[in-house]
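**Student:** One structure follows; several queries about it will come next.
The values are calculated or read from the model by the stated rules, or taken from the named source; none is laboratory data. Every value quoted in this text rests on a predicted model; they were computed, and no experiment measured them. Every residue, glycine as well, gets a Cβ built from its backbone with ideal geometry; the counts of neighbours run over all protein chains shown. Side chains included, ligands, DNA and RNA excluded: accessible areas come from the protein's heavy atoms. Shrake-Rupley method; radii C 1.70, N 1.55, O 1.52, S 1.80 Å.
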Amino acid sequence: MPAKNYISNSVIRRLPRYYRFLADLQKEGTTKISSGELSRRMKLTASQIRQDLNCYGGFGQQGYGYNVDVLRREIGAIIGVERRAPAILIGAGNLGKAITYFFDFPKYGCELVGIFDINPQLDGTEIAGISVRNMTKLTAFCTKNKPEIAILCIPKASAPAVCETLVESGVRAFLNFSHYDINLHFDGIIAENVHMGDSLLTLVYNVNNREKK
Ligand code: NAI
């Protein structure tokens, strides 16, 4: 339970980084870390880390630092990793397949419970042990299984109608690769929009403008 009622988005965005960083420390066998060392390694100030964690009650001990296992467990609990939100993936093409094979969903707090595609030839095929169902079965599936997250791996042109069906079926959270601006068209939903092309363009800009900096 947060110690503060309002947690800023930038704090929330840093939580996965803490969580990942602490997993690396666990792998190294580090059991405790001072706030100074943690801040040096993460390139954040110690006061930033303290402020972030204080939003949730703070987990360090003066003069001791942080217990790595405890802090990672606490941050996992804050994120809600153990609850495993049910997720579905729409679009079983190249990207959809890659994400299904690549992601260890439970590690990231969700469970992939279904995959859907409009192509009738894919109906009944499997990706990583999960059946691909035709889109005609989507609404009934949502009514029964109540997925909370949809991962959109479909073309932009297909996204408006698919989003409408999903929102009507109760889905409120999207991991959106489709380049369609869901937030502009639907109220009360949360979307993480992924644009790998934008990251590449930013990188290319920085490469091309390095001397000017
Ligand atoms: P793909 O053509 O291999 O797969 C698209 C799949 O979506 C196909 O299986 C197709 O049958 C299905 N589909 C199309 N309309 C549908 C609908 N209305 N309902 C359900 N399924 C539908 O394409 P790929 O390479 O997997 O890429 C998918 C989309 O993701 C593309 O539009 C691409 O622009 C985008 N993309 C976005 C990236 C990002 O960083 N945001 C990175 C890579 C791709």
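**Student:** For region 10-63, give me each residue that is in contact (Cβ under 8 Å) with a residue 60 or more places away in the chain and among the hydrophobic types (A, V, I, L, M, F, W, C).
**Tutor:** Of everything in region 10-63, just one residue is in contact (Cβ under 8 Å) with a residue 60 or more places away in the chain and among the hydrophobic types (A, V, I, L, M, F, W, C), namely 15.
**Student:** Can you tell me which residues in region 140-177 are within 13 Å of the ligand (Cβ to nearest atom) and touching an Asp or Glu at 6+ places or on another chain (Cβ under 8 Å)?
**Tutor:** 174, 175, 176
**Student:** Is there a residue being open to solvent by less than 80 Å² (accessible area, probe 1.4 Å), of a type in the set (S, T, N, Q) and closer than 18 Å to residue 20 by Cβ anywhere in region 57-68?
**Tutor:** Yes, the conditions are met somewhere in region 57-68.
**Student:** Against the definition (under 16 Å from residue 12 (Cβ atoms) and more than 16 Å from the ligand (Cβ to nearest atom)), how does residue 54 come out, yes or no?
**Tutor:** When the stated conditions are applied, residue 54 passes them.
**Student:** Mind telling me which of the residues 138, 89, 166 ends up being in contact with a helix residue (DSSP H, G or I) (Cβ under 9 Å, 6 or more places away or on another chain), in a strand (DSSP E or B) and touching a residue at least 24 places away in the same chain (Cβ under 8 Å)?
**Tutor:** Answer to the check: 89.
**Student:** Something else now. I need the full set of residues from region 142-157 which are in a helix (DSSP H, G or I) and either over 27 Å from residue 104 (Cβ atoms) or touching a strand residue (DSSP E or B) at 6+ places or on another chain (Cβ under 6 Å) (or both), in order please.
**Tutor:** Passing the criteria: 143, 145, 156, 157.
**Student:** I've got another one for you. Among the residues of region 92-113 satisfying the criterion of being more than 16 Å from the ligand (Cβ to nearest atom) and among the charged types (D, E, K, R), which is surrounded by the most Cβ atoms within 10 Å (Cβ to Cβ)?
**Tutor:** Looking at residues that are more than 16 Å from the ligand (Cβ to nearest atom) and among the charged types (D, E, K, R), I get 111.
**Student:** Additional query: So in region 178-194, with the set limited to residues that are in a loop (DSSP other than H, G, I, E, B) and open to solvent by less than 30 Å² (accessible area, probe 1.4 Å), which one is nearest to the ligand (Cβ to nearest atom)?
**Tutor:** Per the criteria, the residue is 178.
**Student:** Can you tell which of 173, 157 is open to solvent by 50 Å² or more (accessible area, probe 1.4 Å) and small (Gly, Ala, Ser)?
**Tutor:** Unique residue meeting the criteria: 157.
**Student:** Moving to a separate point now. Quick one: count up the residues across region 92-129 that are assigned to a loop (DSSP other than H, G, I, E, B), more than 16 Å from residue 149 (Cα to Cα) and without any contact (Cβ under 8 Å) to a residue 60 or more places away in the chain.
**Tutor:** 7
**Student:** Now for a separate question. Could you figure out which of (1) more than 24 Å from residue 17 (Cα to Cα); (2) exposed (fewer than 14 other Cβ atoms within 10 Å of the Cβ); (3) within 13 Å of the ligand (Cβ to nearest atom) isn't true of residue 89?
**Tutor:** (2)
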